[in-house]
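A.B. asks: Take this structure first; my questions come after.
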Amino acid sequence: MGLDRTLHFEDYTADELLQILEKMLDKHSLTMSEEAWLILIEYIHCLCKNRELGYANARTMKLLSQAIADLVLLRESKQSSASGRVLAQDVKGFVWRNMKRKIGFKDYASE
């Protein structure tokens, strides 16, 4: 018996991705400062505007949350106390670079 149906799932919206990210950060016992949250809102909205590059899904949010958790852990390891708070300095490196084409090999034959 084969599958003869195609299921179409709508992409997550930027707000849904932010909710996913927030839940994943909560699993790391992390909370966001307002400044860090604003940086991530802008970053994720830019990812969603450029979906043709293949970004902005739940897996991306999982990887992003792990990267943020690692950065917070690294920063807090240098301090005497740990707050579990994500600061702007932890996420300021997450800046969308407006790329014009997909990442991959250049097709020299089409030039």
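A.B. asks: When region 55-76 is examined, which residues are found to be open to solvent by less than 50 Å² (accessible area, probe 1.4 Å) and either at pLDDT below 90 or more than 13 Å from the chain's Cα centre (by Cα) (or both)?
C.D. replies: Ala56, Ala58, Thr60, Val72, Arg75, Glu76
A.B. asks: Pairs, please: C-beta under 8 Å, at least 6 apart or cross-chain, first residue within 30 Å of Gly84 (Cα to Cα) and without any contact (Cβ under 8 Å) to a residue 12 or more places away in the chain and in region 3-24, second outside any helix (DSSP H, G or I) and of a type outside the set (Asp, Glu)?
C.D. replies: These pairs meet every condition: Glu22/Met32.
A.B. asks: Out of the residues in region 76-93 that are touching a helix residue (DSSP H, G or I) at 6+ places or on another chain (Cβ under 6 Å) and either in a helix (DSSP H, G or I) or without any contact (Cβ under 8 Å) to a residue 24 or more places away in the chain (or both), which is farthest from Leu18 (Cα to Cα)?
C.D. replies: Of everything passing the filter in region 76-93, Ala82 is farthest from Leu18 (Cα to Cα).
A.B. asks: A further question on this structure: Run Thr6 past the list (1) at pLDDT 90 or above; (2) β-branched (Val, Ile, Thr); (3) not in a helix (DSSP H, G or I) and report the number of the one that doesn't hold.
C.D. replies: (1)
A.B. asks: Turning to a different aspect of this structure: Across region 32-49, what is the number of residues that are open to solvent by 70 Å² or more (accessible area, probe 1.4 Å) and more than 11 Å from the chain's Cα centre (by Cα)?
C.D. replies: 4
A.B. asks: In this structure, does His28 turn out to be closer than 15 Å to Glu16 by Cβ and either open to solvent by 30 Å² or more (accessible area, probe 1.4 Å) or at pLDDT below 85 (or both)?
C.D. replies: no
Residue by residue, here is whether (1) among the basic types (Lys, Arg); (2) touching a strand residue (DSSP E or B) at 6+ places or on another chain (Cβ under 7 Å) holds:
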{"residue": "Glu42", "(1), (2)": "no, no"}
{"residue": "Lys49", "(1), (2)": "yes, no"}
{"residue": "Lys62", "(1), (2)": "yes, no"}
{"residue": "Ser65", "(1), (2)": "no, no"}
{"residue": "Ile68", "(1), (2)": "no, yes"}
{"residue": "Val72", "(1), (2)": "no, yes"}
{"residue": "Ser77", "(1), (2)": "no, no"}
{"residue": "Ser80", "(1), (2)": "no, no"}
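The values are calculated or read from the model by the stated rules, or taken from the named source; none is laboratory data. Bear in mind the structure is a predicted one, so any value in this text is a computation, not a measurement. Virtual Cβ from ideal backbone geometry, glycine too; neighbours counted across all protein chains shown. Protein only, heavy atoms only, side chains kept; ligands, DNA and RNA dropped before computing areas. Shrake-Rupley method; radii C 1.70, N 1.55, O 1.52, S 1.80 Å.
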